[in-house]
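J.: The structure's right below; bear with me while I get my questions together.
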Amino acid sequence: MAKRKRKTKTPPVGICPLCRKEAPLCDSHIVPKGMFKEVAAGGRPVVASAMRGLNRQMQGGLHEHMLCSDCESHLGDNYDKYAIDILRDGRGGVTAHSNTDSFILREVDSDKLKLFILSVFWRAHHAKNPPLENVKIGEQAENDVRLMLQNQSAPEKNSYSVFGLALIDP
């Protein structure tokens, strides 16, 4: 019996919001898929909820056709991989404080980590599907963050402040 050939889907062509060029668009993750490694290993899907009552299970996070392959690689290579190493894998001096349920990041490139966090908000701003279609950061912030991501230049110390929390699955 002959094997059937699997059809490969042609990616849609559109305008990449990072480089603003027309190109085939990758299936881009809003939060990098690598951040969901532990969830996938446990076999439990993430449930995304929206105020409208939409509940959607997903194993690898929210994703949609958004970035061209060059820009997808740029964000992945420059920000996503670094954040996964630091935040998920604990590389680079993560000190946990069990008495306060807090942690301190040491020996971390704070500019790169800040750009990663801004990139997630920027991607969410460009999402067209639920539950993120209403996330908006404003035109000025979108352009500022887009240029920072392209040029790998972190914002000034007192602009675009970032605060983080660890979400722990008990």
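The values are calculated or read from the model by the stated rules, or taken from the named source; none is laboratory data. Predicted model only: the values in this text are computed from it and were never measured. Accessible surface areas use protein heavy atoms only, side chains included; no ligands, DNA or RNA. Shrake-Rupley method; radii C 1.70, N 1.55, O 1.52, S 1.80 Å.
J.: Rank these residues by their accessible area, most exposed first, probe 1.4 Å: THR10, THR95.
T.: Sorted by accessible area, descending: THR10, THR95.
J.: Hey, if we sort VAL120, VAL94, VAL13 by accessible area with the 1.4 Å probe, largest down, what's the order?
T.: Output order, biggest surface exposure first: VAL13, VAL94, VAL120.
J.: For each pair in LYS21/LYS128; LYS81/LYS136; LYS9/LYS112; LYS112/LYS157; LYS9/LYS81, compute the distance between the two Cα atoms and list the pairs where it is over 23 Å.
T.: LYS81/LYS136; LYS9/LYS112; LYS9/LYS81, as the Cα separations exceed 23 Å there.
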